[in-house]
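See structure below.
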Amino acid sequence: MFHKRIFMYMLIFVSTVFFVMNYIFEWFKIFGFVMSVHYILIAASVFAFLYLFPKHKKIVLAGCFCFCLIWNFIFTVYLGFIMESGRGFDLDNCYHLFHVGGWIDYISMDLPFFIMGITAVLLLTILIVAVPALSFRYFSAQRNRQTLCAAWGIIGLFIFFFCTNNPPCEELFNLIKGVRSAQKYFCTDAASYLECGIKLTPVSWTEVQAKKGKNLVYIILESTENTFLDQEKFPGLLPQLSEFRKHALSFTNVSCAQNSFTTSAAMFTAMTGFYMTPLHLRGGFNKGYNLGTGAQFSSFPRILHQAGYEQIFLVGCSANFARTDSFVVDQGYDRLWEGIKKKRVTDWTFSVRDSAVYEQAWRTYQELAQKGRPFNLTLLTIDAHGPDGFYSPEEPAYPLQGNEPNNLFNAMYASDAALGLFLKRLRRHPAAKDTCIVITNDHLAHEYTNCTDILKTNPRRRLVFMIENSVKTCRNTDVEGRTFDIAPTILDAMGVKHDYLFPLGESLFGTPDPRRLEPTEKQQKLLTYYTIMKSSNMLKMPLNIQVAVKPYPLIQINQQMHPLLLGEANDVPGDGEGVFIGFNGNIIDQPVLSFRNESEYKKIKRKKFSNSIVVGKVARNQTGFSEKEWGKFYLKAQINGKEKIVFKDQPVELALVFR
């Protein structure tokens, strides 16, 4: 029999453990320990309720069972989200939680995991309620003020800590606070989105209708903001670009959009007509993103693709950097030329000079012009990147820099000279009359650029955005714009007709909506909701899995394409190397993992994924493989408890089907 003061002892023990461990020892704040204390308090509270209301034991047990069942369901779902995506109750996960089709696909993709979760909820609920109920049968303390206060104290302690230190409930309550905006997303209320300048379109990019206009040469200058054209601050630094401005239509009030302060992010914004959301930036800037995120959105290259354009992208560094190769191909470019073609190079500073890129651009322009097909030639420069730029002594140097040579100024002057030669050649070509030339820069010069002190003296730092040979004229070239306005403006300048509504971007030839300009908290949330709606991360059976090496090395799962990333480089695995895609349920939103040897693969395998897809190449004497499999490529998939593996001599021959 329990001592009559058992409640006092329990109260003192539990409160002491929690306060000391949670508020003194930092390691106790680990999620597992915190939730363990919650479950101890729940069991103690069930015991206390039985003591306080002994005549209503069945009602108490039924109520406690229902509460525990609901709580365990919430906790299990939360834990499942943590295991699957590393995130709890965020907007992306909860969209799938409330999407009936998502549940059906999830269960069909991972039935054992779902059954395990349901079983865990039921067993945990029964355990939490049954242990205190059985223990109460052996309790015989007298009811007095002391024990009653102790019982209510335990319940109060549970309520206090349940409400103040409960990660699943805290995240769920924060999410519920935004339920109104979430409802607007679920019902796709166009008027609510339009309040923030966001325009909705119901079709996927493959359904967009477009008719061709002029050809396009689209030049993206690295960091070359409008301040560098100021003749008082930088006299004679960019004579060719200054000359181009005299004959071109120049929009003078275009600023960097939200999340558009790196080259890759700025390219994304300029092409897609909206800025990156937290869903795109899970890995950080310049780390690429899951191509299934917002996969149904269109962009100006995708619209040109629909209109029958041939599109080529040129860059001086390796296109592995920031996954440029997979991004531009995904956007509809047919070919990619990179100055550095070494497969494993990811360092953007290892690059050919801009003059080499312009030379290649001239050769490519002549080639495209001969075909008689509309085309888009896009090139990205790099030499003006801070802090000091990239310059080769054999190129022309900036003549007005005084006694202290500045490498950045030399680099910008040489790049500008190469631009001038390219434009001179282009204008002489017969196809020039049908070619729209657009020159922009990606973002403002970075803070670490060695002439930042001069740049900051300009109170109106803006992007360069110039268009020559536009089919439209503009009365107000000082209209306020952002990076995301570049895409629709270019299409209007080319005379391309289409029926797509860019989420934020609007043509600066018209009367753009000023509400799109401010990245308010509401706008950012709604844009995230819209991105979720336009994403294609969910898998459906049957699964067709195959490997391709063109347009870049990738694993294709149904319509989803995942780069074969070895580190940060797209490449085919070498001996003992491989790529691992792990996921739970039917949503792939985890980063692609890679391994260089068997020990690294074993570390990845320790991660808890119920489904996985592996592409690799068997090394000589590799454990788990026979001698006849040495040197062969393999594709191994474990889906819904079933495992299949195939071996082939070439990676493009690898394919599996799960039904």
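Across the range 632-641, the number of residues qualifying as surrounded by 14 or more Cβ atoms within 10 Å (Cβ to Cβ), over 26 Å from the mean Cα position of the chain (by Cα) and either modelled with pLDDT under 90 or outside any strand (DSSP E or B) (or both) comes to 2. Exactly one residue among 579, 614, 618 is at pLDDT 80 or above, more than 27 Å from residue 321 (Cα to Cα) and among the β-branched types (Val, Ile, Thr), and that residue is 618.
Remark: pairs (first residue in the range 456-482, over 18 Å from residue 227 (Cα atoms) and free of Cβ contacts under 8 Å to residues at least 40 places away in the same chain; second residue outside any loop (DSSP other than H, G, I, E, B) and open to solvent by less than 30 Å² (accessible area, probe 1.4 Å); Cβ separation under 8 Å; 6+ apart in sequence or on different chains) = 472/493.
Can you confirm whether the range 401-408 contains a residue that is in a strand (DSSP E or B) and farther than 28 Å from residue 351 by Cβ?
Here is the first cut: in the range 401-408, the ones in a strand (DSSP E or B) are none.
Taking every residue of the range 401-408 in turn, none turns out to be in a strand (DSSP E or B) and farther than 28 Å from residue 351 by Cβ.
Among residues belonging to the range 251-275 that are in a helix (DSSP H, G or I), small (Gly, Ala, Ser) and touching a helix residue (DSSP H, G or I) at 6+ places or on another chain (Cβ under 8 Å), point out the one that is surrounded by the most Cβ atoms within 10 Å (Cβ to Cβ). In this case the residue turns out to be 270.
Please verify whether residue 533 is aliphatic (A, V, I, L, M), at pLDDT below 85 and farther than 30 Å from residue 320 by Cβ, treating the condition exactly as stated. Explain how you work it out, then say what you get.
Values: aliphatic (A, V, I, L, M): yes; at pLDDT below 85: yes; farther than 30 Å from residue 320 by Cβ: yes.
So residue 533 fits the description; yes.
Looking only at residues in the range 198-235 that are modelled with pLDDT under 95 and small (Gly, Ala, Ser), the one that is most open to solvent (accessible area, probe 1.4 Å) is 204.
Just so you know, in the range 460-487 the residues that are touching a Phe, Trp or Tyr at 6+ places or on another chain (Cβ under 6 Å) and over 21 Å from residue 444 (Cα atoms) include one that is surrounded by the most Cβ atoms within 10 Å (Cβ to Cβ), and it is 474.
Within the range 202-214, how many residues are among the polar types (S, T, N, Q) and in contact with a Pro (Cβ under 8 Å, 6 or more places away or on another chain)? Even if it seems obvious, please write down each step before you answer.
Of all residues in the range 202-214, those among the polar types (S, T, N, Q) come to 204, 206, 209.
From the residues that got through so far, the ones that are in contact with a Pro (Cβ under 8 Å, 6 or more places away or on another chain) too are none.
Total meeting the criteria: 0.
Conditions tested, residue by residue: (1) touching a strand residue (DSSP E or B) at 6+ places or on another chain (Cβ under 7 Å); (2) in a strand (DSSP E or B); (3) open to solvent by 20 Å² or more (accessible area, probe 1.4 Å).
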{"position": "544", "(1), (2), (3)": "yes, yes, yes"}
{"position": "547", "(1), (2), (3)": "yes, yes, no"}
{"position": "550", "(1), (2), (3)": "no, no, yes"}
{"position": "561", "(1), (2), (3)": "yes, yes, yes"}
{"position": "579", "(1), (2), (3)": "yes, yes, no"}
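Quick check on residue 308: is it modelled with pLDDT of 90 or more and assigned to a loop (DSSP other than H, G, I, E, B)? Answer is yes for this residue.
Every listed requirement among (1) part of a loop (DSSP other than H, G, I, E, B); (2) among the hydrophobic types (A, V, I, L, M, F, W, C); (3) in contact with a His (Cβ under 9 Å, 6 or more places away or on another chain) is met by residue 303 save one, (1).
Within the bounds of the range 309-330, is there any residue that is acidic (Asp, Glu), surrounded by fewer than 21 Cβ atoms within 10 Å (Cβ to Cβ) and out of contact with any helix residue (DSSP H, G or I) (no Cβ under 8 Å at 6 or more places or on another chain)? So far as the range 309-330 goes, yes, one or more of its residues are acidic (Asp, Glu), surrounded by fewer than 21 Cβ atoms within 10 Å (Cβ to Cβ) and out of contact with any helix residue (DSSP H, G or I) (no Cβ under 8 Å at 6 or more places or on another chain).
Between a residue in the range 393-405 that is touching a residue at least 12 places away in the same chain (Cβ under 8 Å) and open to solvent by 100 Å² or more (accessible area, probe 1.4 Å) and any residue that is part of a loop (DSSP other than H, G, I, E, B) and among the small types (Gly, Ala, Ser), which pairs come within a Cβ distance under 6 Å, given they are 6 or more apart or on different chains? These pairs meet every condition: 400/236. Take the conditions within 27 Å of the chain's Cα centre (by Cα) and either assigned to a helix (DSSP H, G or I) or buried (at least 21 other Cβ atoms within 10 Å of the Cβ) (or both) and apply them to residue 490. Does it pass? Yes, satisfied. All conditions but one from (1) closer than 26 Å to residue 367 by Cβ; (2) crowded, with 24+ Cβ neighbours inside 10 Å apply to residue 412; the one that does not is (1).
Candidates in the range 276-301 are the residues that are under 27 Å from residue 354 (Cβ atoms) and in contact with a strand residue (DSSP E or B) (Cβ under 9 Å, 6 or more places away or on another chain); of these, the one that is surrounded by the most Cβ atoms within 10 Å (Cβ to Cβ) is 300.
Please verify whether the range 592-603 includes one or more residues that are polar (S, T, N, Q) and in contact (Cβ under 8 Å) with a residue 12 or more places away in the chain. Give the derivation first.
Taking the range 592-603 and keeping what is polar (S, T, N, Q), we get 594, 597, 599.
Subsequent filtering for residues that are in contact (Cβ under 8 Å) with a residue 12 or more places away in the chain retains 594, 597.
Yes, that holds for at least one residue.
Can you tell me which residue is surrounded by the fewest Cβ atoms within 10 Å (Cβ to Cβ) among those in the range 493-527 that are without any contact (Cβ under 8 Å) to a residue 60 or more places away in the chain and closer than 23 Å to residue 212 by Cα? Checking each candidate, the answer is 510.
The values are calculated or read from the model by the stated rules, or taken from the named source; none is laboratory data. Because the structure is predicted, anything quoted here is derived from the model rather than measured. Every residue, glycine among them, receives a Cβ derived from its backbone with ideal geometry; neighbour counts consider all protein chains shown. Remember, those area values only see protein heavy atoms, side chains included, never the ligands or the DNA or RNA. Shrake-Rupley method; radii C 1.70, N 1.55, O 1.52, S 1.80 Å.
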